[in-house]
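The values are calculated or read from the model by the stated rules, or taken from the named source; none is laboratory data. These numbers were taken from a predicted model, which means no experiment stands behind them. Cβ placement follows ideal geometry from the backbone for every residue including glycine, while neighbour counts extend to all protein chains displayed. What goes into the accessible areas is simple: the full protein's heavy atoms, side chains included, and nothing from ligands, DNA or RNA. Shrake-Rupley method; radii C 1.70, N 1.55, O 1.52, S 1.80 Å.
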Amino acid sequence: MLDCQEMRFMPFTALHPDLGRLDSTLPDLGRGMPWGQVHKVRPRVPLVCPECAWGVHPKISGSGVRFFCHDPNRPPSCELSNESWEHHMLKLEMAGAIRAAGWFAALEVPAEDGFWRADVMASSSDGAMRMAWEAQLSPITLEDIEARTGRYAEQGIRVCWVNPRARPPQWISAVPAIRVRPPQSRETAWVVDDGLAGFGYRAGRWEFRKEPLDRFVRWALEGQVVPAGVLPRYRRVYRVVNGQQRRLTRDRWWTSQRSGAPPARAGRAKPRLHETDGGTLGGG
């Protein structure tokens, strides 16, 4: 069985000399080719990493995850091989949620000009819309993440940054972003724990909403939730952390379009604004 250390060096994509990019997360590798035509075959198919062009070979983890492993003496600068096991698993989860929503998901997609590489790129069935999903685990400055978000926007691509750390990153409300909680067991799912909110009219403030990641992904792709800026008077929010209520500050949320512009008289009771599959993004 492969351990997490070995699985760090595993891009999910590889370049085939004749067919181009292969995606190990797709049944036919995205090229109408069964896995058995590249895995443990002799002579070996000359596959290379799309990031560093180093040789890679197909492998399967003990839990059944298919990937491409770098050959020995890989370049230490290859970004794909330096991603953590948790980063890889989050990419898989996002890709699965995108496909379950009826969109096409491609992993580790580079821009033609090389200015960005999306962890997972979602494309609508007609190819008219694209949305990048970025698993951001390593530290990044506000300037850098805002610049990367801007490069996507320049090409008409929406983006959502996803962080699985226990504490919210400083950029959680500077760009369209969410924080997710990994599953606690095989029976549980990834959950959006921060970044998604509804406006509570009775309380007169924004309130955190928790939803399964796959449901949030579908909502975001379909435009049922959108990133919305927060008026200064509503920036303070409250939540219980380790048994104590804490006051936090948020400048932006993912929310329903109607919740994105709460009325001035927010204390007045209003009907629920957004209900989909049991999820509510409005005040009760």
Would it be correct to say that residue 159 is of a type in the set (Val, Ile, Thr), surrounded by 13 or more Cβ atoms within 10 Å (Cβ to Cβ) and within 14 Å of the chain's Cα centre (by Cα)?
-> yes
Check your understanding: Residues in the stretch 259-279: is at least one open to solvent by 60 Å² or more (accessible area, probe 1.4 Å), at pLDDT 90 or above and not β-branched (Val, Ile, Thr)?
Key -> no
If you go through the stretch 20-39 one residue at a time, do you hit one that is out of contact with any helix residue (DSSP H, G or I) (no Cβ under 8 Å at 6 or more places or on another chain) and among the acidic types (Asp, Glu)?
-> yes
Looking across the stretch 199-219 at residues that are assigned to a loop (DSSP other than H, G, I, E, B) and small (Gly, Ala, Ser), the single one that is least open to solvent (accessible area, probe 1.4 Å) is 204
### Task
Check the stretch 98-107 and report whether any residue there is at pLDDT 95 or above, within 22 Å of residue 253 (Cβ to Cβ) and of a type outside the set (Phe, Trp, Tyr).
yes
Note: among 51, 108, just one is of a type outside the set (Val, Ile, Thr) and open to solvent by less than 50 Å² (accessible area, probe 1.4 Å), namely 108
Scanning the stretch 178-198 for residues that are out of contact with any strand residue (DSSP E or B) (no Cβ under 6 Å at 6 or more places or on another chain) and either part of a strand (DSSP E or B) or free of Cβ contacts under 8 Å to residues at least 24 places away in the same chain (or both), the one most open to solvent (accessible area, probe 1.4 Å) turns out to be 186
Within the stretch 114-128, the residues that are open to solvent by 40 Å² or more (accessible area, probe 1.4 Å) and either in contact (Cβ under 8 Å) with a residue 24 or more places away in the chain or closer than 20 Å to residue 49 by Cβ (or both) are 114, 115, 117
Taking the stretch 147-177 and keeping only residues that are part of a loop (DSSP other than H, G, I, E, B) and of a type in the set (Ser, Thr, Tyr), one is left with 173
- Query: When you look at residue 233, is it within 30 Å of residue 101 (Cα to Cα) and of a type outside the set (Val, Ile, Thr), yes or no?
  - Reply: no
By residue number, the members of the stretch 229-250 that are in a strand (DSSP E or B) and closer than 12 Å to residue 207 by Cα are 236, 237, 238, 239, 240, 247, 248, 249
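Counting just the residues of the stretch 129-141 that are closer than 22 Å to residue 173 by Cβ and touching a Phe, Trp or Tyr at 6+ places or on another chain (Cβ under 9 Å), which one comes out most open to solvent (accessible area, probe 1.4 Å)?
Selected residue: 141.
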